[in-house]
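To start, the structure itself, in structure tokens.
The values are calculated or read from the model by the stated rules, or taken from the named source; none is laboratory data. Quick caveat: nothing in here was measured; it's all calculated off a predicted structure. Please note: Cβ atoms are built from the backbone with ideal geometry, for glycine as well, and neighbour counts cover all protein chains shown.
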Amino acid sequence: MMSRFAIRLRRALGRALLFAIAPAAGAQQPVTLQQAIDLAQRQSFGALAARETREAARQRDRAFTARLLPQLTLSGDVPMYDRSIISVIQPDGTTLFRPQQLNQSSLNLNLNQQVPLLGASVFVQSSLSRLQRSGQLASRTWSSTPFKIGIRQDLLRPRTQLWDSREQDVRIDAAERQYLEAREDVALQVATAFFDFFAAQTALTNATNNAAVNDTLYTLNKGRLEVGKIGENDLLQSELALLRSRNSLASARLDFDRTLAALRLQLNMPATEPLSIAITDVVPEIEADTAIAVAQALKNRAQMKDMELQSMQARRQVAVARLNNGIGATLQASVGFNQQGSDVDMVYRDLLNAQRVQLSVQMPLIQWGNRSAQIDAARADMDRVEHNRRFAREQLIQEAHFAALQLQQSRDQLTISAKADTVASKRFEVAKNRYVIGRIGIDNLYIAQNEKDQALLSYVQALRGFWTAFYRLRRVTLFDFVTGAEIR
């Protein structure tokens, strides 16, 4: 009887092992966790979306930088035609209405340069225009401004260009950090899906083994019942265990297929491409110091840059409310040359000097408290942003602190779970052998089997918990504790 049981058990375990490695048979090479993460960070949907988001931010930054460079534009009317009746004052003071046909063309070339530090703009212009009238007031006149240089400067007003430049510097820095965080999000998602699949694969292998063992035990117990060595209750308990193991096996197969599909989705792999995974119980020896984790989180996280941007925008609104509603002025000045004549060649000879200076002043007299109310509202918003910033900063500190502690705890749990899995597996083997020779009851055997299953599940979950805690800490701090360098 013992020999027949051993043969059946060997065959069952052989079928279970073949089923466990079947997914890898069609694959070229099993994929490790790091290889899966590298693959997902290259081709997964999340990685592709993050890459395009970063590229859009970079292009917007390039566009902003380009707007700060000299801008050359060409504009004009070619032509503007007007046919109408106009009023004409006669020498004796009377007014007559005369028909008129007006044909006007103009061409302007403008080079403009912003000066963000001053909030001013400097321009260089060149223009040419022609005015031709038909009818009783027929005439044709050309006018040119070959060269004119000038400046426009707002006084006692917010320096919009300077604020825009400061905000853009923070905005592009935050976008780069958000991209790094998105890559770490992908890594964390892949690690979760990877170990979900590993847990399902392990559960399937274990369920297959349990079904084979319970089938063999049920056959053994039927023979023992025939010779009167066990009661009918033990046989029914053995049959119930067999039915439960078969039901668990069906559920494990479904969970295996579901987690495999989820992992393929995370890796953006087609369903026809074979996929198998390779697991190692070796984990990196790292000491996640909480002080380092907090310091790196405050230094590297995009959230810190976002809070800096919000604070800057709030200060800007205070400046806008204070300056836009008070006394202000606009200075415009230009110098150059111009000329006019009846022929186009004449307007570029004997050029005349042209100067223009204009100072526009705005001085509100009665605002009924509008300016002070807007300033108070802007300051209240700035205080609100500051409170939110401090709260978010404390949250970030706690998140980094406990993420480092969680990694250390996960490593300790993994060590204990690995030892418990080894002990529970050995205990089941001993209990199984003792049951076969009739030294223990069936209840003790199934208790040992359940403890073995629970220990295996705990080990898989502990391994999964360590790696998810590891990649979560990387995500929270944007710092690699293995190499001791910032993630770039």
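Observations
- Test result for Ala319, among the small types (Gly, Ala, Ser), at pLDDT below 95 and assigned to a loop (DSSP other than H, G, I, E, B): no
- Taken residue by residue, the range 158-175 has no member that is in a strand (DSSP E or B) and of a type outside the set (A, V, I, L, M, F, W, C).
- Criterion (in a loop (DSSP other than H, G, I, E, B), surrounded by 13 or more Cβ atoms within 10 Å (Cβ to Cβ) and outside the structural domain of Ile151 (by TED's automatic domain parsing)) met by exactly one of Ile397, Ile440, Ile375: Ile440
- Test result for Thr280, of a type in the set (Ser, Thr, Tyr), under 21 Å from Gln409 (Cα atoms) and surrounded by 13 or more Cβ atoms within 10 Å (Cβ to Cβ): no
- Applying the set (1) surrounded by 12 or more Cβ atoms within 10 Å (Cβ to Cβ); (2) out of contact with any helix residue (DSSP H, G or I) (no Cβ under 6 Å at 6 or more places or on another chain); (3) closer than 30 Å to Ala469 by Cα to Arg390 leaves exactly one unmet item: (1).
- Within the range 284-299, the set of residues being loosely packed, with under 15 Cβ neighbours inside 10 Å and part of a loop (DSSP other than H, G, I, E, B) comprises Pro284, Glu285, Glu287, Asp289.
- Scanning the range 142-172 for residues that are buried (at least 17 other Cβ atoms within 10 Å of the Cβ) and among the aromatic types (Phe, Trp, Tyr) turns up Trp142, Trp163.
- Arg356 in contact (Cβ under 8 Å) with a residue 60 or more places away in the chain, surrounded by fewer than 17 Cβ atoms within 10 Å (Cβ to Cβ), in the same structural domain as Arg140 (by TED's automatic domain parsing) and of a type in the set (Lys, Arg): yes
- Yes/no for Thr65 being among the polar types (S, T, N, Q) and exposed (fewer than 10 other Cβ atoms within 10 Å of the Cβ): no
- Unique match (being of a type in the set (Ser, Thr, Tyr), part of a helix (DSSP H, G or I), in contact (Cβ under 8 Å) with a residue 40 or more places away in the chain and surrounded by fewer than 21 Cβ atoms within 10 Å (Cβ to Cβ)) among Ser458, Ser410: Ser458
- The condition of being at pLDDT below 95 and either at positive phi or touching a His at 6+ places or on another chain (Cβ under 6 Å) (or both) holds for only one of Asp343, Asp289, Asp350, that being Asp350.
- When Thr272, Thr280 are checked against the criterion of being of a type outside the set (Gly, Ala, Ser) and touching a residue at least 12 places away in the same chain (Cβ under 8 Å), a single residue qualifies: Thr280.
- Within the range 131-156, tally of residues that are basic (Lys, Arg) and modelled with pLDDT of 90 or more: 2
Condition check ((1) closer than 30 Å to Asn325 by Cβ; (2) in contact with a Cys (Cβ under 8 Å, 6 or more places away or on another chain); (3) among the polar types (S, T, N, Q)) across all residues:
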{"position": "Arg356", "(1), (2), (3)": "yes, no, no"}
{"position": "Pro364", "(1), (2), (3)": "yes, no, no"}
{"position": "Ala378", "(1), (2), (3)": "yes, no, no"}
{"position": "Gln406", "(1), (2), (3)": "no, no, yes"}
{"position": "Leu414", "(1), (2), (3)": "no, no, no"}
{"position": "Ile442", "(1), (2), (3)": "no, no, no"}
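- Selection of first residues in the range 243-269 that are in the same structural domain as Val213 (by TED's automatic domain parsing) and of second residues that are exposed (fewer than 14 other Cβ atoms within 10 Å of the Cβ) and in a helix (DSSP H, G or I), restricted to Cβ pairs under 7 Å at least 6 apart or on distinct chains, gives the following pairs, ordered by first then second residue: Asn268/Gln43; Asn268/Phe45.
- When Ala250 is tested against the conditions (1) at pLDDT below 90; (2) within 24 Å of Leu457 (Cα to Cα), the lone failure is (1).
- For the range 409-438, a residue qualifies if it is closer than 30 Å to Ala295 by Cα and in contact with a helix residue (DSSP H, G or I) (Cβ under 9 Å, 6 or more places away or on another chain), and the qualifying residues are Gln409, Ser410, Arg411, Gln413, Leu414, Thr415.
- Some residue of the range 307-319 being free of Cβ contacts under 8 Å to residues at least 60 places away in the same chain, farther than 30 Å from Leu39 by Cα, surrounded by 15 or more Cβ atoms within 10 Å (Cβ to Cβ) and among the charged types (D, E, K, R): no
- Each residue in the range 247-271 was checked for being in a helix (DSSP H, G or I), exposed (fewer than 15 other Cβ atoms within 10 Å of the Cβ) and not hydrophobic (A, V, I, L, M, F, W, C), and 4 of them qualify.
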